[in-house]
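Since the structure comes first, as structure tokens, the remarks are kept for the end.
The values are calculated or read from the model by the stated rules, or taken from the named source; none is laboratory data. Since the structure is predicted, the reported quantities are computational estimates derived from the model, not experimental observations. Every residue, glycine among them, receives a Cβ derived from its backbone with ideal geometry; neighbour counts consider all protein chains shown. Heads up: the accessible areas ignore ligands, DNA and RNA and are worked out on the full protein's heavy atoms, side chains in. Shrake-Rupley method; radii C 1.70, N 1.55, O 1.52, S 1.80 Å.
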Number of protein chains: 2
Amino acid sequence: MALIVQKYGGTSMGSVERIEHVANKVASFRKQGHQVVVVVSAMSGETDRLLKLAKAIDPKGSQREFDQIAATGEQVTIGLLAIALQKAGVQSRSFTGWQVPIRTDGAHMKARIQSIEPEALLAACNAGIVPVVAGFQGITDDGSVSTLGRGGSDTTGVALAAALKADECQIYTDVDGVYTTDPRVEPKARRLDKITFEEMLEMASLGSKVLQIRSVEFAGKYKVPLRVLSTFVDGPGTLITLEDNSMEDPLISGIAFSRDESQITVTGVPDKPGVAAAILGPVGDANVEVDMIVQNVGADGSTDFTFTVARGDHDKALEIIKRVAGELGAKGVAGATDIVKVSIVGVGMRSHAGIASQMFKALATAGINIRMISTSEIKISVVIDQDYLELAVRTLHKAFGLEEKK
Amino acid sequence: MALIVQKYGGTSMGSVERIEHVANKVASFRKQGHQVVVVVSAMSGETDRLLKLAKAIDPKGSQREFDQIAATGEQVTIGLLAIALQKAGVQSRSFTGWQVPIRTDGAHMKARIQSIEPEALLAACNAGIVPVVAGFQGITDDGSVSTLGRGGSDTTGVALAAALKADECQIYTDVDGVYTTDPRVEPKARRLDKITFEEMLEMASLGSKVLQIRSVEFAGKYKVPLRVLSTFVDGPGTLITLEDNSMEDPLISGIAFSRDESQITVTGVPDKPGVAAAILGPVGDANVEVDMIVQNVGADGSTDFTFTVARGDHDKALEIIKRVAGELGAKGVAGATDIVKVSIVGVGMRSHAGIASQMFKALATAGINIRMISTSEIKISVVIDQDYLELAVRTLHKAFGLEEKK
């Protein structure tokens, strides 16, 4: 008998019918003899509706009060699911964040979980009762309701699994797992049975949005096995787990990409200490987040400096850099918004040489020009012209043997 | 400087605009130097919407979970009003039932308040913060959310006023006070400046629905001065207070009436001990509530027995009585559903003789036949044909001088 935490998102809670569907899933899981603790989100759209009401009064209103209001979305769905479970023959009891209690810091609207007291939930489990816990919320030291920020229900699920020492945390969503790449770009994309936390972090931050990044970090830190499954289609999903040294680990797990990229290049910068800081300091001061950074040493004692920012920040960053370039005596400044980033991700590349050249050769054969390269321990990213995005993804997907097996 | 509890109902919380209107009212009250604690209901229609969702899953679902769901309606409005107050320049903080805490028994959906810990609210008041408290809800001994049943926000307001030893509890609603009778029946009906708790109870139970009866009982028990006012029209409203022996007390405060009446008469019942119990016992066993009861002693050693029940219970009661009448050897049984009850209410009648005959004479002059009479210390009720309802109300309203003063 295993203890499983199951988290269902807003789409799964979207209507009375869907809530009853979830209740039946949980009931059949109980019949297999497992203990289950369920975490739920608000009905899809409900948190937005509530915050819109509050912002209609004052967009800059008290964040404590925004939380008081927003947290009601999950308080409704925990009650509804508990009723549906009882109707399905499963004893159940709903728990708000403060009823657990899930204690957080006082940073309203983006609170962090500090501790969870598991006694009440464990007592319920031992009495044969399935606890249904409100995701996304907690209670602060001064007794106020807090919320964890968008997507926080995933984090609640993982944190509960850690506190309860659960065997697995299952995140039910509207996709049936993590794929080698986006199936809308490469129809041959394959569901992964397994992926490591580190790979998942790289995949998620690069645009394959399945789970909230913070929940994956949390799961990795507390070593909670995490599984992504579909609420609507039965299947094993994808298990996100600690790296194991199985011989069968593929070299590359997936191809991630991001369209929200733009590039700024400063050419002919005098190559001396402090140049990078002089260029990027003012950009950071303007609250623009810089992603990739590449610097090449030139032959004439000058250097070329290139970095990427989100497209929405391009014009702002370019303006700053034009000013800075003048002060530094750089030769020129150029911007580009018609670029994208494509990455291969895999823990296998740690122990295998030649992955990078294999990637570049595949892209060259397809006639794709690489504008920028950046590497980390488990991923290699290239910046290319946006027109080549789909071709690049399909080329790399094939080159690394990620297709659906026959 | 007075401490005032103000309660605003669902209509007053019905939209963002109305919530801002209430915030401005509270703000101007604060500017007069008073301390204010606000109690609010959910937005009108919201509690019904929430319970409908729950009942769509299982109409007989767990009442604890129904409460968990229903209580979110007020949690939203306290947050919204706190934000609106801050925008209006008034420091404010929202409190759910459990945050106060307001402790109740465990009778979910019809819980009774057992105690209120006033420290947190008083601390807020003393710090210049206006607490906005969720009506209708509390917390049980086992940490579950409870609700007080429909209209419970009035009770929350009165209970808070008692716990805080407030100078007055103001109930803001969509009428501007308690009237001498229903203005839809008698356009000359006049707003009362003042009415006693006992009169208010008789008026309310007889169909002048302004306040939840329980809150009036509560206010009377704890001697909390209660005032009914309009959210939308400025004015002094009606003060509901302990009886004072002012010489200016009018004889009669108002004319109440009820259309939801039906009558059952048993004629020629042998006049011996136990007959009333034999007739009414089976009716009570069938969960039918009996209102007025009249028994006349006949000349031939038999008696006529008449009582009233709500119209919806008429057929059920008649069927029971037909069976009972046979067993008792009564002469006949008759029912009527085309009747109504009209009552005059006033503490003044305690010390004045002749009120009843004045009432009967006025009705006789207007050609209205009385079918049944029942009296208590502060009211006299008559049952008449329903066609005469409006005429009777207007006749009595005039006879006792209740018209609007010029």
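Taking amide H as placed 1.01 Å from N in the peptide plane, the amide H of A:Gln114 sits under 5 Å from that of A:Arg103, A:Thr104, A:Asp105, each at least 5 places away or on another chain. Residue-wise HN-Hα couplings along the range B:6-18, as the Karplus relation 6.51 cos²θ - 1.76 cosθ + 1.60 with θ = phi - 60° gives them from phi, are 10, 10, 10, x, x, 5, 5, 9, x, 7, 4, 5, 5 Hz; Gly and Pro carry x.
Residues whose amide H falls under 5 Å from that of A:Thr303, counting only those 5 or more places apart or on a different chain, are A:Gly268, A:Val269, A:Asp271, A:Gly298, with hydrogens built in the peptide plane.
A 29 angstrom limit on the alpha carbon distance is what I want to check against. Which of A:Lys194/A:Lys221; A:Lys7/B:Lys7; A:Lys52/A:Lys87; A:Lys165/B:Lys55; A:Lys52/A:Lys379; A:Lys55/B:Lys110 exceed it?
Values: A:Lys194/A:Lys221 18 Å; A:Lys7/B:Lys7 39 Å; A:Lys52/A:Lys87 34 Å; A:Lys165/B:Lys55 35 Å; A:Lys52/A:Lys379 39 Å; A:Lys55/B:Lys110 34 Å.
Where the Cα-Cα span goes over 29 Å, the pairs concerned are A:Lys7/B:Lys7; A:Lys52/A:Lys87; A:Lys165/B:Lys55; A:Lys52/A:Lys379; A:Lys55/B:Lys110.
Each eigenvalue of the Cα gyration tensor of the range B:254-399, multiplied by 5 and square-rooted, gives one semi-axis; in descending order these are 29, 17, 14 Å.
Going from the chain on its own to the full set of protein chains, the range A:42-73 has these residues losing 40 Å² or more of accessible surface (heavy atoms, 1.4 Å probe, no ligands, DNA or RNA): A:Leu53, A:Ile57, A:Arg64, A:Glu65, A:Gln68, A:Ile69, A:Thr72.
3J(HN,Hα) along the range A:390-399: 5, 4, 5, 4, 5, 4, 6, 4, 6, 4 Hz, from the Karplus curve 6.51 cos²θ - 1.76 cosθ + 1.60 with θ = phi - 60°, whole Hz, x for Gly and Pro. Rg over Rh for the protein assembly as shown works out to 1.14, using Cα positions for both radii and the Kirkwood form for Rh. The simple spin-label model puts a point 7 Å past each Cα toward its Cβ; for B:Lys188 and A:Lys398 those points are separated by 9.6 nm. Projecting 7 Å from Cα along the Cα-to-Cβ direction, the label point of B:Arg49 sits 0.5 nm from its equivalents in the other copies, listed shortest first.
Average accessible surface for the range B:3-174: 33 Å² per residue, computed with a 1.4 Å probe over protein heavy atoms with every protein chain in place.
The C-alpha radius of gyration of the range A:1-158, expressed as a fraction of 2.2 N^0.38 Å, stands at 1.02.
Using equal-weight Cα scatterers in the Debye expression, the normalised intensity of chain A in log10 at q = 0.10, 0.14 Å⁻¹ is -0.78, -1.22. By how many degrees, 0 to 90 and rounded to 10, does the Cα axis of helix B:46-57 deviate from the longest principal axis of chain B? The angle comes out near 80 degrees. Taking a Cβ cut-off of under 15 Å around B:Glu117, the surrounding Lys, Arg, Asp and Glu residues balance to a net charge of 0, with basic ones at +1 and acidic ones at -1.
Provide a whole-number value for the mean count of partner chain Cβ atoms within 10 Å of the Cβ atoms in peptide A:83-92.
Taking all residues of A:83-92 together, the mean is 4.
Treating each Cα of the range A:92-233 as an identical point scatterer and ignoring solvent, apply the Debye formula and state log10 I(q)/I(0) at q = 0.19 Å⁻¹. Listed by q, the Debye log ratios stand at -1.12. Taking the accessible area of the range A:96-152, probe 1.4 Å, and keeping the other protein chains in place, the carbon and sulfur fraction comes to 52%.
The local environment of A:Val345, defined by Cβ-Cβ distances under 10 Å, has a net charge of -2 under the rule Lys, Arg +1 and Asp, Glu -1. Copy-to-copy label distances for A:Ala2, where each label lies 7 Å from Cα along Cα-to-Cβ, are 6.5 nm in order of increasing length.
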